[in-house]
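The values are calculated or read from the model by the stated rules, or taken from the named source; none is laboratory data. Bear in mind that the values here come from a model prediction, so they are computed numbers and not experimental data. FYI the Cβ positions are ideal-geometry reconstructions off the backbone, even for glycines, and counts take in every protein chain you see. Remember, those area values only see protein heavy atoms, side chains included, never the ligands or the DNA or RNA. Shrake-Rupley method; radii C 1.70, N 1.55, O 1.52, S 1.80 Å.
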Amino acid sequence: GDFGPVRIGRYCQIGTGSILRPPHAKTSLSTTKKTKLSSSSSPLKFLPLTIGNHTRIGSNCLVQSASIGSSVIIGNNVVLSNRCIIKDNVYVSDDTIIAEDTVIPPFSVVKGCPGKVVGELMESCAVEIVDENEKAYMEFVKSVDGDDGRRKR
C-alpha cells in the first residue's frame, strides 16, 4: 500500500540520519479488499505523520509518531514509536525511547527508556523555541544563499 502523507510545518529542522516513517495500524481481513495475501504478510494501513511549526528533531532519530506538536525539541538518537503523540512545547532528551501509542502532554520534559515525563517546561519556553528556530533558519538560508542573496554553487 501507499504511505500516508507526511506534513512538516514551518521552520522545522531535521537532523542528519533521522528517519521519518509514517505510523501504521493493522487492519482486519474483513475490511481489506478480497485479494490473495501470502501467509507471511499482514495488511497494514499507513496513517498521516504531522509535525508542527518550529520543531527540531536531532540526529539519528526514528520518528514513527502520529503527531508532533509545535515548538518541540527532540534530542539525538530518539525513537518515537508507532502512533505516539507529542503535544506542543515538549522537550525530549537524547537517547529516549517513547513507547507505542503514548501521549505526551504539553510543556513536558521526557527522558528515559521507556520515555517518562520527568519535569515541566515554563510557559515562556514556547516563545524562546520559536525565536531560536527562526534564527537558526535564517542562518541556514544565509549559508546556502551567501550574504549577497545569491545561491552558492
Considering (1) under 17 Å from L20 (Cβ atoms); (2) at pLDDT 95 or above; (3) out of contact with any Cys (no Cβ under 7 Å at 6 or more places or on another chain), say which one V78 fails and leave the rest. (3)
For region 121-133, how many residues are more than 21 Å from P105 (Cβ to Cβ) and surrounded by 14 or more Cβ atoms within 10 Å (Cβ to Cβ)? 2
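I want to confirm something. Restricting to region 99-128 and keeping residues that are of a type in the set (A, V, I, L, M) and in contact with a Lys or Arg (Cβ under 8 Å, 6 or more places away or on another chain), which single residue is farthest from N76 (Cα to Cα)? It would help to see each step written out before you state the result.
Let us first name the residues in region 99-128 that are of a type in the set (A, V, I, L, M), namely 99, 103-104, 109-110, 117-118, 121-122, 126-127.
Keeping just the survivors that are in contact with a Lys or Arg (Cβ under 8 Å, 6 or more places away or on another chain) gives 103-104, 110, 118.
Values: V103: 20, I104: 18, V110: 13, V118: 18 Å.
Step by step, filter region 99-128, then rank; the result is V103.
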Counted residues in region 48-61 being open to solvent by 40 Å² or more (accessible area, probe 1.4 Å) and either touching a Pro at 6+ places or on another chain (Cβ under 6 Å) or modelled with pLDDT under 95 (or both) come to 4
Among the listed residues G4, G15, which satisfies the condition of being surrounded by 15 or more Cβ atoms within 10 Å (Cβ to Cβ), modelled with pLDDT under 70 and not hydroxyl-bearing (S, T, Y)? G4
Yes/no for V90 being in contact with a Pro (Cβ under 8 Å, 6 or more places away or on another chain) and at pLDDT 90 or above: yes
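Rundown of residues vs (1) over 14 Å from the mean Cα position of the chain (by Cα); (2) assigned to a loop (DSSP other than H, G, I, E, B); (3) under 19 Å from L20 (Cα atoms); (4) of a type in the set (D, E, K, R), yes/no style:
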| site | (1), (2), (3), (4) |
| --- | --- |
| C113 | yes, yes, no, no |
| M122 | yes, yes, no, no |
| V127 | yes, no, no, no |
| V130 | yes, no, no, no |
| E134 | yes, no, no, yes |
| V141 | yes, no, no, no |
Which count do you get for residues in region 93-111 that are within 15 Å of C61 (Cβ to Cβ), out of contact with any Gly (no Cβ under 6 Å at 6 or more places or on another chain) and part of a loop (DSSP other than H, G, I, E, B)? 1
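Here's the yes/no breakdown for (1) surrounded by 20 or more Cβ atoms within 10 Å (Cβ to Cβ); (2) among the polar types (S, T, N, Q):
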site	(1), (2)
S71	yes, yes
L80	yes, no
N89	yes, yes
I98	yes, no
P105	no, no
